[in-house]
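Asks: One structure is given below, represented as structure tokens, and several questions about it will come after.
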Amino acid sequence: MKHAQLKPFPKDFFWGASTSAYQVEGAWNKDGKGPSVMDMRRKYPEGTTDFKVASDHYHRYQEDVALMAEMGFKAYRFSIAWTRIIPNGTGEVNLKGIEFYSNLINELIKYNIEPIVTMYHFDLPYALHERGGWSNRETVNAFVDYAKVLFENYGDRVKYWLTINEQNMMIMHGKALGILDPDLEDADRELYQQNHHMLVAQAKVMDLCHQTLPAALIGPAPNIAYVYPATSNPEDVLASQNFNAIRNWLYLDAAVYGRYNATAWSYLEEKGYVPTIEDGDMETLKKAKPDYIAFNYYATKTVEASVGDGNDKSGTGDQEIVIGEAGVYKGHSNPNLPTNDFGWQIDPVGFRATLREVYDRYQLPIIITENGLGAIDKVEEDGSIRDPYRINYFKQHIEQMQLAITDGVDLFGYCPWSAVDLISTHSGAKKRYGFVFVDREEFDLKELRRIPKQSFYWYKDVIRSNGEKLQ
Ligand code: BG6
């Protein structure tokens, strides 16, 4: 739809950015913190660092928050490391961990930056992993107990809560993201059992939040990417519906409507992945209602019809392993989209399409909690970092957000990835996302000095003009 006039961004729009604990904090075993599955990850791509020091935000959070304030952030989305709060996943609470996030929250409030807290961003306590992780139903109770501690300690200052970051990516790439034993064979049914437990845990925590903190708002935070059919061939359209259901709607239908998406359920039946559902689980899902939807968007996906044999697994999807599955869909590289240095496709218009689709389906306010460009930035001889490619990426996506708002989408915030440079989940320190450069290399920590990038100053203007000044 072409609009004669665009609606402005809402007056109190949450301009900000995001990070996650294991990628930014470092201090992985300091002040009583227990190990998480991300700390204990065994396999890294060659030449890629671990998360042990990361950007050392644990020791430099004040400097980092001051930089966010300088950009004019209205909100900051970060995650709390479960293992800093409860080192073994259950049992004893670590007061030093409570204190760290309390200080961080106070620091944000000092600058009028709204804290948006993700309770769990890939970093399951390793102690729970050793007891079966999300395969063990006890982990549901552990998550609820952990949530209670967070609500008790921070509920007086944190209004916006997010349950689980990218549950759908953990299920689709379980081994890479550490929720499954990497040596486990034929893991798919197990993953969908874990998925069910996470859905129940999420529902219980949303409910608990509403009971204990009536003024707070809580929602899920999946990675949503609208799935295009490769052509108008009806079989390609069916394949796109299949993948949309399995990748996107399964998670949001369960969170919002408390039911399994029908297409996704028939896929689980067909493949023999149906999880064990205990008495009362579906009632628990139904009872819980999110107040808003947060989602992470990087790019759309494209699929074609499955050939129905082993060839489906050789699809040319982009980075996110949209390979395919016999009888369901086959990954397809969209020829209309450019890619970044790491092979990720870029689709700002698809952002608008995804926003519209999510809003039409669920009619809940939306906040974007990730969107960004991973790139190899370099320090110029004069010490500056010029990243016009990142500015261009953000500009195009912000334009599409405004179009989506004009289309009628109730969008209340944009927290792209990432506030400062951090360690990429898949590509280590060399792949940077931040508005602020952190001067370290993969294995040379240097001084971890913070240097605002060109995009830092650009974003500051965007925020100051409430999204009007994008040049
Ligand atoms: C999201 C995750 O999937 O993508 C982040 O929530 C992650 O943790 C981001 O860093 C970008 O992915 P990557 O692999 O480039 O770090």
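The values are calculated or read from the model by the stated rules, or taken from the named source; none is laboratory data. All figures in this text were calculated on a predicted structure; none of them were measured in a lab. No Cβ is skipped: glycine too gets one built from the backbone with ideal geometry, and neighbour counts run over all protein chains shown.
Asks: For the stretch 58-77, does any single residue satisfy the condition of being closer than 28 Å to Q194 by Cβ and touching a strand residue (DSSP E or B) at 6+ places or on another chain (Cβ under 9 Å)?
Replies: yes
Asks: May I ask you to list the residues in the stretch 10-30 that are surrounded by 14 or more Cβ atoms within 10 Å (Cβ to Cβ) and over 23 Å from the mean Cα position of the chain (by Cα)? Break it down stepwise before answering.
Replies: At the first step, the residues of the stretch 10-30 found to be surrounded by 14 or more Cβ atoms within 10 Å (Cβ to Cβ) are 10, 13-28, 30.
The answer is P10, K30.
Asks: In addition: Right, F100: closer than 14 Å to A81 by Cβ and within 16 Å of the ligand (Cβ to nearest atom) or not?
Replies: In short, no.
Asks: Take D387 and tell me if it is touching a helix residue (DSSP H, G or I) at 6+ places or on another chain (Cβ under 6 Å), of a type in the set (D, E) and in contact (Cβ under 8 Å) with a residue 24 or more places away in the chain.
Replies: Yes; evaluated as a whole, the condition is true for this residue.
Asks: Scan the stretch 243-260 and tell me whether some residue there is more than 26 Å from L162 (Cβ to Cβ) and surrounded by 13 or more Cβ atoms within 10 Å (Cβ to Cβ).
Replies: Taking every residue of the stretch 243-260 in turn, none turns out to be more than 26 Å from L162 (Cβ to Cβ) and surrounded by 13 or more Cβ atoms within 10 Å (Cβ to Cβ).
Asks: Related question: Kindly list the number of the only condition in (1) in contact with a strand residue (DSSP E or B) (Cβ under 8 Å, 6 or more places away or on another chain); (2) farther than 18 Å from V140 by Cβ; (3) modelled with pLDDT of 95 or more that fails for S306.
Replies: Unmet for S306, out of (1) in contact with a strand residue (DSSP E or B) (Cβ under 8 Å, 6 or more places away or on another chain); (2) farther than 18 Å from V140 by Cβ; (3) modelled with pLDDT of 95 or more: (3).
Asks: Out of the residues in the stretch 449-469 that are assigned to a loop (DSSP other than H, G, I, E, B) and within 25 Å of the chain's Cα centre (by Cα), state the one that is surrounded by the fewest Cβ atoms within 10 Å (Cβ to Cβ). First the steps, then the outcome.
Replies: The first filter runs over the stretch 449-469 and keeps only residues assigned to a loop (DSSP other than H, G, I, E, B), leaving 453, 465-469.
With the extra rule that they be within 25 Å of the chain's Cα centre (by Cα), the set shrinks to 453, 466-467.
Numbers: K453: 23, N466: 15, G467: 19.
The selected residue is N466.
Asks: Looking at the stretch 107-224, what strands (runs of 3 or more DSSP E) fall wholly within it and have at least 1 residues that are of a type in the set (D, E)? Walk me through how you get there before you give the answer.
Replies: Numbers: elements: 114-120, 160-165, 217-221.
By residue number, 114-120.
Asks: May I pose another question? When the stretch 275-300 is examined, which residues are found to be buried (at least 20 other Cβ atoms within 10 Å of the Cβ) and outside any helix (DSSP H, G or I)?
Replies: Within the stretch 275-300, A288, P290, I293, A294, F295, N296, Y297, Y298, A299, T300 qualify.
Asks: Which of the residues that make up the stretch 20-54 are within 26 Å of G91 (Cα to Cα), free of Cβ contacts under 8 Å to residues at least 40 places away in the same chain and charged (D, E, K, R)?
Replies: Residues satisfying the conditions are K30, K52.
Asks: Here's another thing I want to ask about it. Does the stretch 266-274 contain any residue that is in a helix (DSSP H, G or I), surrounded by fewer than 21 Cβ atoms within 10 Å (Cβ to Cβ), free of Cβ contacts under 8 Å to residues at least 24 places away in the same chain and small (G, A, S)?
Replies: Checked the stretch 266-274: at least one residue is in a helix (DSSP H, G or I), surrounded by fewer than 21 Cβ atoms within 10 Å (Cβ to Cβ), free of Cβ contacts under 8 Å to residues at least 24 places away in the same chain and small (G, A, S).
Asks: Can you find, within the stretch 104-136, the residue that is nearest to the ligand (Cβ to nearest atom) among those that are within 15 Å of the chain's Cα centre (by Cα) and not hydrophobic (A, V, I, L, M, F, W, C)?
Replies: Selected residue: H121.
Asks: In addition: Looking only at residues that are surrounded by fewer than 23 Cβ atoms within 10 Å (Cβ to Cβ) and under 24 Å from V358 (Cβ atoms) in the stretch 207-226, which one is nearest to the chain's Cα centre (by Cα)?
Replies: Per the stated criteria, the residue is N223.
Asks: Which of (1) modelled with pLDDT under 95; (2) on the phi > 0 side of the Ramachandran plot does H173 not meet, given it meets every other one?
Replies: (2) is the only condition that H173 fails.
Asks: Return yes or no: is I164 modelled with pLDDT under 95 and either within 16 Å of the ligand (Cβ to nearest atom) or touching a Pro at 6+ places or on another chain (Cβ under 8 Å) (or both)?
Replies: Details: modelled with pLDDT under 95: no; either within 16 Å of the ligand (Cβ to nearest atom) or touching a Pro at 6+ places or on another chain (Cβ under 8 Å) (or both): yes.
Considered against the rule, which asks whether it is modelled with pLDDT under 95 and either within 16 Å of the ligand (Cβ to nearest atom) or touching a Pro at 6+ places or on another chain (Cβ under 8 Å) (or both), I164 comes out as no.
Asks: Under 8 Å between Cβ atoms, at least 6 apart or on separate chains: pull out the pairs that start in the stretch 406-420 with a residue that is closer than 22 Å to H3 by Cα and end on any residue that is hydroxyl-bearing (S, T, Y) and part of a loop (DSSP other than H, G, I, E, B).
Replies: F412/Y292
Asks: Name the residues in the stretch 225-239 that are within 24 Å of G308 (Cβ to Cβ) and in a loop (DSSP other than H, G, I, E, B), would you?
Replies: Selection gives A230, T231, S232, N233.
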